[in-house]
Each structure stands twice: as C-alpha cells, then as structure tokens.
1. May I ask you to say which residue of A75, A107 is crowded, with 16+ Cβ neighbours inside 10 Å, more than 26 Å from L224 (Cα to Cα) and aliphatic (A, V, I, L, M)?
2. Being part of a strand (DSSP E or B), over 22 Å from G242 (Cβ atoms) and in the same structural domain as E254 (by TED's automatic domain parsing): is that true of M72 here?
3. (1) within 19 Å of the chain's Cα centre (by Cα); (2) under 24 Å from S90 (Cα atoms); (3) surrounded by fewer than 19 Cβ atoms within 10 Å (Cβ to Cβ): which one isn't true of G161, the others all being true?
4. Filter the stretch 317-355 down to residues that are more than 22 Å from G210 (Cα to Cα) and touching a His at 6+ places or on another chain (Cβ under 9 Å), then give me how many there are.
5. Starting from the stretch 81-110, take each residue that is assigned by TED's automatic domain parsing to the domain that holds L186 and list its partners that are of a type in the set (S, T, N, Q) and buried (at least 20 other Cβ atoms within 10 Å of the Cβ), counting only C-beta distances under 6 angstrom and pairs at least six apart or across chains.
6. Only one of T344, T274, T284 is more than 21 Å from the chain's Cα centre (by Cα) and of a type outside the set (A, V, I, L, M, F, W, C); which?
7. In the stretch 80-106, how many residues are under 22 Å from the mean Cα position of the chain (by Cα) and over 30 Å from P63 (Cα atoms)?
8. Could you tell me whether H300 is in the same structural domain as R281 (by TED's automatic domain parsing), touching a Leu at 6+ places or on another chain (Cβ under 6 Å), surrounded by fewer than 20 Cβ atoms within 10 Å (Cβ to Cβ) and not polar (S, T, N, Q)?
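The values are calculated or read from the model by the stated rules, or taken from the named source; none is laboratory data. Predicted model only: the values in this text are computed from it and were never measured. Every residue, glycine among them, receives a Cβ derived from its backbone with ideal geometry; neighbour counts consider all protein chains shown.
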Amino acid sequence: MLNALSRTNAFCHLLTVALLGLFGLTARAAEKYSEIPGADGDGSFTIGPDYKIDPDLTDKGNPKGKTFTFSMALADSKIFRGDDKTLAPSKKAVKKDRKITVYVPAAYMDGTKAPLLIIHDGPGQLGLVKNALDNLTISKDPKRTLPAFVAIAVENGGNDGKKSERGLEYDTMSDRLARFIHDEVLPAVLKNAEIKAAYPHFAFTENPWGRGVIGCSSGGAAALTMAWFRPDWFRRVIAYSGTFVDQQDDDAPEEAKYPLGAWEYHSGMKLIETSELKPLRIFTHVSDKDNRANDEEETHHNWVMAGQRTEAALKAKGYHHRFVFSKATGHCDRRVFEQTLADTLVWVWRGYRAD
C-alpha cells in the first residue's frame, strides 16, 4: 500500500514539475516576444476643416466575415451587476442586458489564436472596422495592412456621466473594466454556441500585444484605462475625443487615490509622466469643438485642454503615440472616424506578429 502511495506521489510530483516547466516555457515565450514597429506615423497631426471618407473604410466587395450577436445579463456578472452603491438608478436607468457583437473577418483561419479589438459603446465603430478588416487584411501593401483580428463590440450598461452604469464602467480609474472584459466577456465569446459551430477551434491569443481597445468620449478614456492598469492583458489603445477629465463618481473608492479621475493622467499628479513607462502603443484625438469649460470652476472638465495635455504627457514620457487634432469638428464626430480610422488601425497594429 505504501509503495503504491509512494508511486502515486512520485507520479504527481513528476506531473507537477512537467506542468510547471510547461508554464515556465509559456511565460518565457511571452517575454521573448518583440516587435519593431518603428516611428512611422508617430507624432501630432492636424486635419480638416474639409473631410472625406477613406476608401479602405468603404465596402469594396471583398470577402466578408461572419457577425454574431448575443446578450449578457448584468445580474449574472460578478463585476458590473448594475447595483453599485455609486449608481442613481431612479435618475439614470441601468440596462438589464448588454449586447455583444462579434465580427470574425474572412481572413481568420479556424484554429489560429486570433488577435482582438474591443470596441466600447458597442456597436460603436464596428461598421467601419468591418470594412477596414475586409479590405486591409488582404492588402498587398506591407505598410498598409491589418492582422485578422476579431472585433468585439461591447454595449455599455446604460446612461452616461456620474452616477450612471456607463460612467462607472468607463470613467473609473481602476482595472475593473479590464477584468470585466478579460474575465467575463472574452470567455462568453469563446463559449458562444453559434460561434463554436462556425469555428470549432476558435481561440484568442494570450499575447497582450495582440489585444487592442477602441472607444470614444468616456469610452476613449476607458480604452486607455484598461491598458494603463492591465498592460499584461491589453496594449494597443485608440481613444477618440477621450474624456480625460473629472467624471469619476465622487463617492467611488478610487477617489482616495485619483480624486480628479482621468484628469489625473495629466494633472499636477502627472500620472503618465511619473509612472514607469508601460508597454503600450497609444492613439489619441481631440476635436477643436469638443466639450469645453465655460468658466474657471469647470477647468477639470475642459475636454480640449485634457486631450492636448494628455498628448503632451505621452510625448514627454516617450510613448509610441499618435495624436490627431481635428478642425471644425465636434465630439466623436463621424467625419473624423471616416477619414482617419483606417490609418489609425494600421498605425496601432504596426509591428504585430501573430502567434
């Protein structure tokens, strides 16, 4: 009996060693990943006042991918249940379900570990992103191409601003949204029966360089915040008309450390400049007619100033950063997306190497 037990223990020990070795190899492989995107496209650019849509964001008749849609009940979430104490549901309604829309491009090959792009305020810019994928994943120009990433548009939990579910999800300075996407949304996509039926070996890359986030307004601030607090999960950021301002709930626990919310990225705290350089690639934008403060008391809500100061902080710290200032445009102006999104996607994914 003792010999059998000893043999069992020995086997378990060997199995443990083997598994630890395998995990160690995986970790070392991830650490060894590198890319050399160069500085092409980095810097500050001013566009407008005239705009036109980029042909790569239109339907050119190329092969189409597959679109899948399903819902996630807020009550089933362990992270955003819709019942936080910071909310005021009587004034700002919370949704019962959030819609998830997934686009798998035609260039994706079942069984490969796909890179992915999270789109806030789903469906958001998904229509333009679909066209970009259809056109640029098969591009013959090595300087203007996209990997076959899966686009996942995630609907917010409802309403806007302080005391709202959307505000809680997008304006809070923590890793909470990143955890929600990583721990709940991505597994739900992988388990979706319709997707599994179409792609039996569907999988996502674990490489954080293969994971991007795009958003506008508070969704833009959320894109940076997800990557800022969890660069081990997400590293490519696209923020249009980002609300890098004080919209975090006043009674949020994060107020103790970040009293001015996303304004702290560029405030006197100088969060970007005083923190270690993170492995991130970041696009930001602001329109000249984005929401502006009307008086001195509203300084921490001046979105144009916030966008410009965030750009200056990223530049000073030495990030791979692309900034666009658009003339004669408003908040989350569609004309800006239609002219720039293809260039932005190409830039933010430059250098990526598939698994």
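1. Exactly one of A75, A107 is crowded, with 16+ Cβ neighbours inside 10 Å, more than 26 Å from L224 (Cα to Cα) and aliphatic (A, V, I, L, M), namely A107.
2. Taking the combined requirement at face value, the residue satisfies it.
3. Status for G161: all satisfied but (1).
4. 4
5. From the stretch 81-110, the pairs are K92/S164.
6. Numbers: T344 fails: more than 21 Å from the chain's Cα centre (by Cα); T284 fails: more than 21 Å from the chain's Cα centre (by Cα).
Only one candidate qualifies: T274.
7. Number of matching residues: 5.
8. When the stated conditions are applied, H300 passes them.
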